[in-house]
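Undergrad: Dropping a structure here in structure tokens format, bear with me for questions.
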Amino acid sequence: MKFIFYTHSLISDWNHGNAHFLRGVMRHLIRRGHEALALEPQDSWSRANLLKEQGPVAVQKFRETFPELTAQIYDGDFDHEAAIADADVVVVHEWTEPELVERIGRIRRNGGRFTLIFHDTHHRAVSAESDIAGLRLADYDAVLAFGETLRQRYLKAGWGRAVFTWHEAADDTLFHPRPDIAKTGDLIWIGNWGDDERSAEIMEFLIRPAKALKLDATVRGVRYPEHALEELSQAGIAYGGWIANAEAPLAFARHKATVHIPRRPYVENLPGIPTIRVFEALACGIPLISAPWNDAENLFRPETDYLVARNGEQMTRLLRDVLSDPNLAESLTASGLATIRARHTCRHRVDELLFILSQCGTERVTGKLAAREAAE
């Protein structure tokens, strides 16, 4: 089958976590013999910031790291009708411009023989509800929501015909343990500052504990304001700026522990959605300690796959325990890795996607799936 993904960016993961997951999904689709193409807008703010900060070498590095992936940039004159005419499945990400969301739906309504999917991987359905409510999704065959609570939001609001939960996951061909890499640091956190959605939490669960324990700690990410950089410096935490997601496994491998600090909208309004860094960190076999979040869908085994710190004081104690107790660290590593491999890789998500398509696809798609299953 031919899959076309409308995304904010496949090329750039600068403050754009969906690129991580999409790359993994596309790679696994291609390995199974499908075609996969990403379309991204010329004015992508993620790619623009990446080029401004890192230059063209970052784009070239993406192409070298993921040679099998194809991303095509479209502008205002792009012929979307022609681009998706021979597609079997079109997946439209929620950052796509509303006018284009509607246009693609109209193509589907006017005879497009592809299955049309809307994919939501953000908290705007609760934090900026009018943005999502204003989208015209009546012509979409299904919605993929990256958490059950988000799926329920869509159902309650009547957005979309059929809504399925489709969590993010780790591409374990990239994210896996690297025992050959020497550990040179205590703690690493890979995360962006964001829009003050977790600034207090970063202070409580990262900066103050690292300072109290005098840890050899590193932070990688973007959009840190001057006052945040000053706090990191005063705590003795090294700030390394942006890191390509493909390099994150090596960064995890060089450190003894990491933390998860969820954004406030997820904790308060979308329980059960951990975001992709939890999947990726556990897939790399690094002990993880999380600030509070409610694993409402039982994706993991809290206190077995990772530890949970209810406040900064407890985070300090748990970090001390993990860094001083090799048996505890090894237990967390083994358990978290086992859960990822059993349930949360991009291979699992491709299986789920193909099943969803069999439930809501057009005759063209479901016929191809049936033919493939018969051949197998």
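The values are calculated or read from the model by the stated rules, or taken from the named source; none is laboratory data. Because the structure is a prediction, the values reported are computed rather than measured. All Cβ positions, glycine included, derive from the backbone under ideal geometry; neighbour counts span all protein chains shown. We work out accessible area using only protein heavy atoms, side chains counted, and drop any ligands, DNA or RNA first. Shrake-Rupley method; radii C 1.70, N 1.55, O 1.52, S 1.80 Å.
Undergrad: Any idea what angle helix 346-360 forms with the longest principal axis of the chain, computed on alpha-carbon atoms, 0 to 90 degrees, nearest 10?
TA: Helix 346-360 sits at roughly 30 degrees to that axis.
Undergrad: Now a separate question. Could you check how much of the accessible area of region 189-292 is carbon and sulfur, as a whole percent, using a 1.4 Å probe?
TA: 47
Undergrad: For the chain, find the longest principal axis of its Cα atoms and tell me its angle to the long axis of helix 18-31, 0 to 90°, nearest 10.
TA: 60
Undergrad: Based on the Cα coordinates of region 94-154, what is the per residue volume of their convex hull in Å³? Show your work: numbers first, answer last.
TA: Working: hull volume 4.4 nm³, N = 61.
Expressed per residue, the convex hull around the Cα atoms of region 94-154 is 73 Å³.
Undergrad: Lys52: which lysines have alpha carbons under 17 Å from its alpha carbon, excluding same-chain residues fewer than 8 sequence positions away?
TA: Lys61
Undergrad: Here is a further query. Amide H of Val92 versus every other amide H placed in the peptide plane: which residues, excluding those fewer than 5 positions away on the same chain, fall under 5 Å?
TA: Excluding prolines and chain starts, which carry no amide H, the hits are Tyr6, Ile117, Phe118, His119.
Undergrad: Also: Mind putting a number on the dipole of region 1-144 about its Cα centre? Charges go on the C-beta only, +1 for Lys and Arg and -1 for Asp and Glu, and I need it in Debye to the nearest 20.
TA: The dipole magnitude comes to about 480 debye.
Undergrad: What's the angle, to the nearest 10 degrees (0 to 90), between helix 326-343's Cα axis and the longest principal axis of the chain?
TA: Its long axis makes an angle of about 0 degrees.
Undergrad: Tell me the net charge near Gly240. Cut-off is 12 Å between Cβ atoms, Gly240 excluded, with +1 for each Lys or Arg and -1 for each Asp or Glu.
TA: Combined, the nearby Lys, Arg, Asp and Glu give +1.
Undergrad: About its Cα centre, how strong a charge dipole does the chain have in debye, to the nearest 20, once Lys and Arg get +1 and Asp and Glu get -1 at the Cβ?
TA: So the dipole magnitude of the chain works out to roughly 560 debye.
Undergrad: Given 10 °C and 1.306 mPa s, compute D for region 72-193 with the Stokes-Einstein relation, Rh being the Kirkwood radius over Cα pairs; round to the nearest whole µm²/s.
TA: 95
Undergrad: Could you provide, to the nearest whole Å², the per residue accessible area of region 130-235 with probe 1.4 Å?
TA: 44
Undergrad: Report, please, the projected area of region 176-217 averaged over directions, based on the convex hull of its C-alpha atoms, in nm².
TA: 3.9
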